[in-house]
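Data block below; observations after.
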Amino acid sequence: MLPPADSVLWQKNFLLGAATAAYQIEGAIHADGRLPSIWDTFSATPGKVLAGDTGAVACDHYHRWEEDVALLDMLKVDAYRLSIAWPRVMTADGQANQAGIAFYRKLLQALRAKGMKTFVTLYHWDLPQHLEDQGGWTNRATAYRFAEYADMISRELAGLVDAWATLNEPWCSAWLGYGNGHHAPGKQDVKLATQAMHHLLLGHGLAMAHLRANDPAAQAGIVVNVGHATTTGNGAADQRAAMLFEMQNNQWVLDPLLKQRYPAALWELWPDAQPLMQDGDLAIIGAKVDYLGINYYFRSNVVSDGQHGYTEVPLDDVERTQMGWEVYPDGLRHLLVGFKRDYPHLPPIYITENGMASDDKVVDGEVNDSQRISFFNRHLAAVDQAVKAGVDVRGYFIWSLLDNFEWAFGYERRFGIVHVDYTTQQRTPKRSAQLVQQFLAARRSK
Ligand code: PNW
């Protein structure tokens, strides 16, 4: 992984980091007063997660965090992106749970002591179950509970965080959680999804004010997933289908955040699903962020469904990953350049996730994940192209540091640059991790 000499990657202030999320790695779901989350409930429901896997143990990071910090320190990544489990740090009556908070405090202190920047997400999908029992994100009150959590935890951890993110991928929480039901809490109703999205974004906006007040030296922003769509159809309706796909995936989230409005065409796609809003909500949602986190994985091919929407038609003869997702680096460049064109107030960008799953095996102590190495090289080249086209991208986080609990796919999909044996909990850096380490060493010695 040695990028060309003129690549932005060689610039020492361009952050190269690795990312994880609490429920996917921590395990220890009953430790130190942690409350149940919607993912405990969902993964315990038969048929929801492949092979019946749950996050009960995961990578046991809650107990092995020192070993994992040592791995990060061996790689010498510039930054580590992690998430805080809301049900670990807040009691059901809204008080700070100091035993849970202590875990994150010592973790962040250790990362800082090793010279790493800390990117901390407040909500990577593990809603306390007691809030879901009152409607979860479809209940407006949850936005205010989230703001209270953000207020409490940013007071507790002020000074230990370089960049806060309120939410990870509100599209996934709203659409996969309440729209198609693939993720917790598993609801299937477009109206619930649009209402959940509105309350997620409102919670984000309310939380921003607390992050700024409590930790003014830190950056504060949000992380969104984005998708690119093209069409193999040749009618105007097919072009429109690709536009609608991107609107449903990207503009549904970005327009309220950066333009203080929902895209009008969304209500053509979903005529009866406008959320209930209150005056002033969109101004709260559109509060200025210091940065935007972008997660990118794949391209989708769509055609018109013959009515008002789109339908996916997978392309033949393209490279795919273990998820079945197409490897399409130019989609990342295309989207970044498009966002710069479409959003006059686009903030600086970090690529907060990019990566791929492969069915990696340890052979003679080595894991040769050659598809992943090529994947990173090509996506980093796409980021470099976007930077050269004028997009302000300041860093790139590999998803993920470790093989981990891949949500509805359990442990059957491996995204890590470090292999995890779930029987022994042994960590084995893959070839991709070795190349990241070598690149960073080469950059330091320049
Ligand atoms: C992201 N989609 O999820 C999450 O932030 C990670 O926790 C996760 O492990 C990673 O990507 C890999 O899946 C996504 O269907 C899940 O478009 C699904 C989609 C996008 C992102």
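A few comments on the model shown:
- Within segment 1-126, percent of DSSP bridges classed antiparallel, to nearest 5: 10
- Residues in the chain average 37 Å² of solvent-accessible surface per residue, probe 1.4 Å, ligands and nucleic acids excluded.
- For segment 376-431 and segment 69-132, distance of Cα centres in Å: 19
- Calculated SAXS-style log₁₀ I(q)/I(0) at q = 0.22, 0.26, 0.29 Å⁻¹ - segment 275-321, Debye, Cα scatterers: -0.86, -0.96, -1.08
- Chain lengthening between ALA96 and LEU2 when straightened (0.36 nm per residue, less Cα-Cα): 29.3 nm
- The stretch between ASP290 and GLU412, if pulled fully straight at 0.36 nm per residue, gains 40.3 nm over its current Cα-Cα span.
- Equivalent ellipsoid dimensions for the chain as semi-axes, Å, which come from the Cα gyration tensor, largest first: 29, 28, 22
- Choice from ALA193, ALA382, ALA85 showing the highest fluctuation, given a GNM over the chain with Cα pairs closer than 10 Å: ALA382
- Cα centroid separation, segment 304-330 to segment 176-192 (Å): 21
- Positive contributions from Lys and Arg (+1) and negative ones from Asp and Glu (-1), summed over other residues with Cβ under 11 Å from the Cβ of ARG427, come out at -3.
- Selected from ARG212, ARG64, ARG333 as most flexible by GNM, with the chain as the system and alpha-carbon contacts under 10 Å: ARG64
- For the chain, the dipole from Cβ point charges (+1 on Lys and Arg, -1 on Asp and Glu) about the Cα centre works out to 1320 debye, to the nearest 20.
- Most mobile listed residue (TYR422, TYR62, TYR291) in the chain, GNM with C-alpha springs under 10 Å: TYR422
- Whole-Å semi-axes of the ellipsoid equivalent to segment 60-111 (Cα gyration tensor, √5λ, descending): 25, 10, 9
- Solvent-accessible area assigned to carbon and sulfur over the chain amounts to 51 percent, based on a 1.4 Å probe.
- Within segment 292-431, percent of DSSP bridges classed antiparallel, to nearest 5: 45
- Full extension of the chain segment joining ASN368 with ALA31 gains 117.8 nm, where the gain is 0.36 nm per residue of separation less the Cα-Cα distance.
- Whole-Hz couplings from phi, Karplus 6.51/-1.76/1.60, listed for segment 419-435; x for Gly and Pro: 6, 10, 8, 6, 8, 9, 6, 6, 9, 10, x, 7, 3, 4, 5, 4, 6
The values are calculated or read from the model by the stated rules, or taken from the named source; none is laboratory data. These numbers come from a predicted model, not from an experiment. Positions of Cβ are generated from backbone atoms using ideal geometry, with glycine treated the same way; all protein chains shown enter the neighbour counts. Ligands, DNA and RNA are stripped out before the accessible areas are found, and what is left, the full protein with its side chains, is counted by its heavy atoms. Shrake-Rupley method; radii C 1.70, N 1.55, O 1.52, S 1.80 Å.
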